[in-house]
Amino acid sequence: MPPKDHGTARQKILDAALHLIRAQGFSATSVDELCAAAGVTKGAFFHHFHSKEDLGVAAAAYFSAFADKIFAEAPYRARKSPLDRLLGYVDFRKAILQGELPNFTCLVGTMVQEAYDSHPAIREACNRSISDHAAMVEQDIALAIEERGLKPEWSSQSLALHTQAVLQGAFVLAKAKHGADVAASSLDHLRRYIELLFGVKQSQAT
């Protein structure tokens, strides 16, 4: 959860949206609730956002920017080997499964499940967020393939998107079982799968 920024009403609303939508979903979160949680008036909300859908699009971009900063500064990014960075990415995703469910589940994954048909603009915003994040992972996958001299039948893009499919599914299971343990186990399986694809023994991974 990003720190509260008390500088602008817009940021307060976006911070409230990140928590409330992850906690109870987009449809169940009302403008009145967002305003109350942000400590702003309804007039302030509609000054910054034309509609609740407009807020959803902005929240997806806000969440993405926050996540980009977290992953850019993560310790695993300093590893020299691209495969070590890829495995480090999975380990980092597991390490941040901390606190209450709304604190570690994905805003865009939550929103797109509800709004993919009813709110095309939100679907596109969520697609951009997930695809851009996958592209970051894809870079290390492509470099790892090159480094190890592999000629796989699968593409770096498909594996990058698979990592996101596992993550989003893990978040769904965590919500269903109301706990992070099942999500952590899914990430353990993802790590082992990547090791198998790249021919790495678990003891070799750093």
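The values are calculated or read from the model by the stated rules, or taken from the named source; none is laboratory data. As the structure is a computational prediction, the values presented were derived from the model and not from experiment. All Cβ positions, even for glycine, are placed from backbone atoms using ideal geometry, and neighbour counts span all protein chains on display. SASA here: full protein model, heavy atoms, side chains in, ligands and nucleic acids out. Shrake-Rupley method; radii C 1.70, N 1.55, O 1.52, S 1.80 Å.
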**Item:** Given Lys12/Lys175; Lys52/Lys175; Lys94/Lys175; Lys12/Lys69; Lys12/Lys42, the pairs whose alpha carbons are separated by over 22 Å
**Value:** Lys12/Lys175; Lys52/Lys175
**Prompt:** If you build a Gaussian network model of the chain, linking Cα atoms that sit under 10 Å apart, which residue out of Thr105, Thr29, Thr163 swings the most?
**Reply:** Thr29
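Under the rule a/c < 1.5 gives rounded, and otherwise a/b versus b/c splits prolate from oblate, where does segment 70-163 land using the Cα gyration tensor? Spell out each step's value before the answer.
Working: a/c = 2.77, a/b = 1.45, b/c = 1.91.
Oblate shape, in that a/c is at least 1.5 and b/c is the bigger or equal ratio.
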**Request:** Keeping all protein chains in position, work out how much accessible area Arg85 exposes to a 1.4 Å probe, and write it in Å² to the nearest 10.
**Result:** 30 Å²
**Asked** By how many degrees, 0 to 90 and rounded to 10, does the Cα axis of helix 52-72 deviate from the longest principal axis of the chain?
**Response** 40 degrees
**Asked** For Asp54 and Ala95, what does the FRET efficiency come to when R0 = 41 Å and r is the distance between their Cβ atoms, rounded to the nearest 0.05?
**Response** 0.75
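For the chain, what is the mean residue ellipticity at 222 nm derived from helices alone (per DSSP H run of n ≥ 4: -39500 (n - 2.57); sum divided by total residues; nearest 500 deg cm²/dmol)?
Per the formula, -23000 deg cm²/dmol.
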**Asked** Each residue of segment 21-37 in order: what ³J(HN,Hα) in whole Hz does its phi give by Karplus 6.51 cos²θ - 1.76 cosθ + 1.60, θ = phi - 60°, with x for Gly and Pro?
**Response** 5, 5, 7, 9, x, 5, 5, 7, 8, 8, 4, 4, 5, 4, 5, 5, 5
**Complete:** For Gly179, other-chain or 5+-apart residues with amide H closer than 5 Å (H placed, Pro excluded) are none
**Fill in**
In the chain the accessible area split gives carbon plus sulfur, as whole percent at 1.4 Å, a share of 54 percent
**Principal-axis tilt of helix 156-177 within the chain, Cα atoms, nearest 10 degrees** = 60 degrees
**Prompt:** Solvent-accessible area per residue for segment 40-83 at a 1.4 Å probe radius, Å²?
**Reply:** 55 Å²
**Message:** If you fit an axis through the alpha-carbon atoms of helix 82-95 and take the longest principal axis of the Cα set of the chain, what angle between them do you get, 0 to 90°, nearest 10?
**Reply:** 40 degrees
